[in-house]
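Below: one structure, written as structure tokens.
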Amino acid sequence: MANKNKQQNEDPFKDLVDLNDLAGRLRQQNKKCQLIFAHNGTGKTRLSMAFKDLGKQDNSHDTLYFNAFTEDLFFWDNDLDNDTDRVLVLNDYSYFFDAIEKLEMETRIRPFVQKYVDFDFQITKEKHRKEADKEEIERWEVSFFLPENPDKNIKVSRGEEHIFIWCFFLAILQLSLDKEDGLPYEWVKYVYIDDPISSLDDNYAVSVAHNLATLFRSYNGPIQFIVSTHHGLFFNVLCNELQRAPRYLLSKNTFDKYYFIELEGDTASLYHVAMLKMLKDTMDNDEPLYPYHFNILRNIMEKTANFHGLAGFKKCIELEDAEFYERLIPVLNHGGYSVFEPKEMLPENKANFEMVLKKLLDTYPFHSDLLPNSFKESQL
């Protein structure tokens, strides 16, 4: 019985090798939905591609994904000669567009689009002549217009374009979830969504998160979902609406080292609280401190200063020895340390770190219930 409990409590992400290894273990979790928070530059998109590539065998695949590469399947033809017939062109060589000719995609996409924007659109297959070789080809184009003036073609903004592409994906996702015999996307076993709300404001972030969570909750089939994002509010809404979904933090601490942290508890979605908990645990357990711990501490101090309207993180706390604090600032600015080397802090800077962290927690006390009960780290 003891061995069985030990196996159940063992961290499934222990001793990870790299992002490919992490992608494989995420596949093994057999969870309906998994949520991942990570800042830009920490490997979110590379993780999504590694996950997708693990499902490719010969000409088959099992992952429907949305990320920056999905947006690259759409590009603008701005009609530079006449500046009137501006259209969004689809790269229909991708299996992403398998259903565009067989099904009425316009009618499937439009209900999603109407939730977010007020323009309308039309998808047509048009003949196009390449200037270089005079070859005439057929291609799928999307033209946009306002409902009150359907004859006038418009070019939508970058944010509106992103919303349209996201809605296109949602229509395909809905087809995948319906799993009707003979329809495209029967191959989908996993759905991986990476940062669907980039370049959108907070209002859209909340709306997209709510609608996505509603879609996930209404589905009872075998397809599994993974969502990764750098947007704190979007992540927080998903965590609140999908409370049974496991939550993780992917954090890049050095050039080739990562932490994959499982967040447990009702408020684990609060990234800054989770980071404070990690720093405090490291300090309380007298564990080694590295330059990236100072990086995390400064990041939290900057966010705290911004929230309170202070003039920079230097004003976040007050120390009796002002000169000492000024000497400490270069350390918080990374000083002579290389953030790409796991070089342990000197005892003096470790003591300074502990003093600043304690002062920060004393100045801005967090309710004890906000701190996650469990904080598991897996180093890549």
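Close Cβ contacts (under 8 Å, 6 or more residues apart or on different chains) running from residues in the stretch 169-182 that are outside any helix (DSSP H, G or I) to residues that are acidic (Asp, Glu) comprise Lys179/Glu186.
Quick one: would you say Gln114 is free of Cβ contacts under 8 Å to residues at least 60 places away in the same chain and closer than 23 Å to Phe216 by Cα?
So Gln114 passes the test.
Is it the case that Leu249 is outside any helix (DSSP H, G or I) and in the same structural domain as Cys33 (by TED's automatic domain parsing)? For Leu249, the condition - outside any helix (DSSP H, G or I) and in the same structural domain as Cys33 (by TED's automatic domain parsing) - is met. Candidates are the residues of the stretch 133-151 that are at pLDDT 90 or above and out of contact with any Asp or Glu (no Cβ under 9 Å at 6 or more places or on another chain); the one that is nearest to Asn78 (Cα to Cα) is Val142. Test Glu186 against the stated conditions and say whether it is loosely packed, with under 15 Cβ neighbours inside 10 Å, in a loop (DSSP other than H, G, I, E, B) and either of a type in the set (D, E, K, R) or without any contact (Cβ under 8 Å) to a residue 40 or more places away in the chain (or both). For Glu186, the condition - loosely packed, with under 15 Cβ neighbours inside 10 Å, in a loop (DSSP other than H, G, I, E, B) and either of a type in the set (D, E, K, R) or without any contact (Cβ under 8 Å) to a residue 40 or more places away in the chain (or both) - is met.
Could you tell me whether Lys350 is modelled with pLDDT under 80 and outside any loop (DSSP other than H, G, I, E, B)? No.
Condition check ((1) within 23 Å of the chain's Cα centre (by Cα); (2) under 30 Å from Arg244 (Cα atoms)) across all residues:
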site	(1), (2)
Gln29	yes, yes
His39	yes, yes
Thr42	yes, yes
Asn59	no, no
Lys102	no, no
Arg108	no, yes
Lys127	no, no
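All conditions in (1) touching a Lys or Arg at 6+ places or on another chain (Cβ under 7 Å); (2) not assigned by TED's automatic domain parsing to the domain that holds Leu250 hold for Thr63, with the sole exception of (2).
The values are calculated or read from the model by the stated rules, or taken from the named source; none is laboratory data. Source: prediction; values computed, not measured. Methodologically, a virtual Cβ is constructed for each residue, glycine included, from the backbone with ideal geometry; neighbour enumeration extends over all protein chains shown.
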